[in-house]
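Readers should treat all values here as calculations from the given coordinates under stated rules, not as data from a laboratory. Here the structure is a predicted model, which means the values were calculated and not measured. Every residue, glycine among them, receives a Cβ derived from its backbone with ideal geometry; neighbour counts consider all protein chains shown.
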Amino acid sequence: MKKVNKEQELAKKLEYIGLNLEEIPETLKLVEDLQFKPNVGFDEKKYRQYRFVSPKEIEILLSPTNRLEDIKEKYSKASPLVEYLVPVEGQNEEKCETFKKMLREVKIEEIEKIEQDQQNLNKKIPFKVRYPGNYLWQIYYSSASNKYFMIVPTEDKDYSTFFYVLKKQIEKKKAGKVFVPISNADYSKELLNKTEIQSLENYLWLFTKDWPSIYEVYDKTEKASLQIVGTTEVYGKIKSEYKVKLNNKIEANKFFKLVKALFILQSELSSYYKFETQIDKQGSIEFYYEGQLLEYDALSDWVNVQYKKLLEIQKNATKENVELSEKLRKLKHQSEELEMEYLAKEKQISTFLECKKTFFGKVKYFFKYSGKKSKRKEEKAIEVKDEKIKPEKEEIIDEELKRQYTLDELLAKGKKAYEKDTQVKNAKMDINALKLKNVNLVKKIENATAYIAEIDSHKKSIFEFWKYSNKDEVQALEEGEEELINVKPHSKIFDYEEDFDEFGTNIDKIQRAILTKEELDSVYLATTNQIEIMNKLKTNTTEPKELDRWLKQIKTDLKNDKNMSEEEVIDIFGSLSEDTRKVTKLANKSHREQPKNKYSILRISKEVKTVDYKVALNNAIRTIDKALEKNQLGQDISAYAWNEEENLDPNKINIFNLNPEKEIEEALKTTENTKITLYKMNIGKGVKIVAFSNCVYFDNQNKTLPLGMDKDTRLIAKLLDTDIHLDSKKVVKVGRLEDEKDEASKLIIKTINVLEYTIKPIEKQDGK
């Protein structure tokens, strides 16, 4: 009976495909010499070409190999399909059995899905060009015979594409075309050659920090386009998908030359040029310099403007360098004079120590270093020399401006400007170093003079003299410092990718020490959907009956929650686990703690009334306020929040995300508006905050909870009683696939209005 069912299933599939094994169509028997020469060592998993190909033009070969084997091996063992269909006594019975085995394993639903997918691909090529299951198409092209063929590895498990092509070849009606990657095929050089494409990948990486995928895509009329797909940073760490479509050789050359020119400038003249990337309304990448969109057709004019700017920098730096050189010579001359005067003081004290041993020596010392003479020398030492020193001859830069400059000329001018600029910076550092040296010498001489004035009453050695004269020395600057005084150290800039783990560990440790269980429970409520009604209560914006609806909804949630029952909510054990041996994983870290839930914290049950629910929420709001007063930031950070409108209410419980990417993802997932506002908050040290660290999500009764922020990257920041300043506004576009898991989904583009603020605590005045 089982055998009969298998035969019936096989017959059903043959009927679906339209294949009669007793009468094989002549088209399937036709075998041509493909004259195919495989590119040995070619990466089979990396496709460079996608084409629309008619299934009826594809010759099918079957190979007793698997898909991952080398093409040379697969091709050498491949046989025409007909050998697997028509049995020849004593020769290919095994091949025929292999074909039947493959047919038994394939499902009609899989073939139907391939057909549906191809119908969609015929309407629109996916944004990322590649699509799920594209690797199943093992289709090759032989340029020698101008023939497409398909190698079907019989040791694989998915044969849906093979039987789809076979079905289309047998059908008498027009088959249409399938959109498939061409295996073992290099770029055709029709738009850009292989070297240019490889260079373009490198150029784009410099600007986007992401390796792009570049494909040659042929439409149904065999017209080629070059399609470049990747991601780029559009604001800080916020990334966007982009796709560039170059429809002809002219467009491809223009784009290549633009990107190449910008790459050279940013690589060779990084002190002057750093280009930003954005995406346009269609999701294509754009390049900006100081807010100006750069396009190839306008690049010549831009190069002219930049050349003149660099020429001006060179001229100004050359002129300034002459002035600084003269100032430097004066300071060197002054330094030499001061050093001579200080050495004279050293000699004087040495002479005194020698002469004081005899009476005649003291008389000799008195006449040699009379007070009047010494005073005259002191005045000479301390005054600043202003002798006229012949200035260095200024280099004359008198160029006759051209109508058009080349990139080579711009680079050369940039290097000259940088050389002069560097000379100016070095001269300034040398001047600062000499100023500091001379200040110290003047102080040493003043101290030495005071020491000598009292020398008769001090029986001290030359070592005491050195110590006394150097006591007011100003510490020298570190090498490379430009500023002489009032140097302010910069605060460490918070970088989410590098600093988040350390921040999470530190803040979790602090919050465990200073926050009570009730405060942590209330903060946990802010991580749930209850934050919406809590903020409405906090700002007195609740509508009539709104609390009733929220209570009804949370009761429904409890009823539908498979992990929680009303009995567990009101259980006398509270947060104590019945089995403290149960181990749970948190970011690959083991612990034995119980997760918190909103039902237990709010004491939700069938009998709870709206008034009780309101009291519980208001109590949580007050408790969060108390928790905020206990904790403040120990460092500057940047955090983000999105909104559909340009307002931020400081009276609310304001939640910000340390990870900008997550905040953008939440915005794209939540709202259908094409325009949203993203707040970037540069929150200063001392601002009151509570982070959603591990102790907020779990009760730590067993003291096994790992430190960190492993479940959340958000925090609450108190905006009341802070100084909030708007730093900048910027509009960027962010593109995301509608379904990140489906590469064939369309690109959704949102316009992001970025508002950047600085938040600092208000410094309290004395007595207030």
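Observations on the structure shown:
- Protection proxy ranking of 604-612, 305-313, 709-717 - average other beta-carbon atoms within 10 Å, highest first: 709-717, 305-313, 604-612
- Dipole axis of the stretch 194-294 (+1 Lys, Arg; -1 Asp, Glu on Cβ), positive-most option in Thr221, Ile264, Thr208: Thr221
- Additional length obtainable on full extension of the chain from Glu339 to Asn202, 0.36 nm per residue less Cα span: 43.7 nm
- Cα gyration tensor, the stretch 223-293 - rounded (a/c under 1.5), prolate or oblate: oblate
- If the chain linking Ser300 and Lys123 were pulled fully straight, counting 0.36 nm for each residue of separation and taking away their Cα-Cα distance, it would gain 59.8 nm.
- Sequence-distant contacts, meaning Cα pairs under 8 Å at least 6 residues apart, place the relative contact order of the stretch 194-294 at 21 percent.
- Cα gyration tensor category, rounded, prolate or oblate, for the stretch 496-761 with a/c compared to 1.5: rounded
- Measuring between alpha carbons in the structure, the pairs from Lys327/Lys420; Lys74/Lys113; Lys309/Lys416; Lys309/Lys428 lying more than 19 angstrom apart are Lys74/Lys113; Lys309/Lys428.
- Across the cross-link table entries Lys72/Lys174; Lys157/Lys750; Lys680/Lys746; Lys209/Lys711; Lys536/Lys606, which are compared at the Cα atoms, the separations over 31 Å belong to Lys72/Lys174; Lys157/Lys750.
- Cβ-Cβ FRET estimate between Ala453 and Lys332, R0 fixed at 41 Å, reported to 0.05: 0.85
- By other beta-carbon atoms within 10 Å, ranking Glu115, Glu26 with the fewest at the front produces Glu26, Glu115.
- For the stretch 653-768: rounded, prolate or oblate by the Cα gyration tensor [a/c cutoff 1.5]: oblate
- Site pair Asp158 and Gln632 shows an inter-label distance of 5.8 nm when each label is modelled 7 Å from Cα along Cα→Cβ.
- Dipole size of the stretch 194-294 about its Cα centre, with +1 on Lys/Arg Cβ and -1 on Asp/Glu Cβ: approximately 120 debye, rounded to the nearest 20.
- Contact order for the stretch 87-196, expressed relative to its length and based on alpha carbon pairs under 8 Å spaced 6+ residues apart, stands at 31 percent.
- FRET efficiency for Asn540 and Tyr288, using Cβ-Cβ distance with R0 set to 60 Å, rounded to 0.05: 0.85
- Estimated distance in nm for a label pair at Thr671 and Leu648, the labels positioned 7 Å out from Cα along Cα-to-Cβ: 1.4 nm
- Only Lys, Arg (+1) and Asp, Glu (-1) charged, at Cβ; the stretch 81-188 dipole about Cα centre in debye: 740 debye
- Simple rule: put +1 on each Lys or Arg Cβ and -1 on each Asp or Glu Cβ in the stretch 2-182, find the dipole, and look at Ser63, Leu166, Thr98; the Cα lying farthest toward the positive end is Leu166.
- Semi-axis lengths (Å, descending) of the ellipsoid that matches the C-alpha gyration tensor of the stretch 2-182: 25, 21, 16
- Using a Förster distance of 41 Å, the FRET efficiency for Leu14-Lys46 (Cβ separation, nearest 0.05): 0.65
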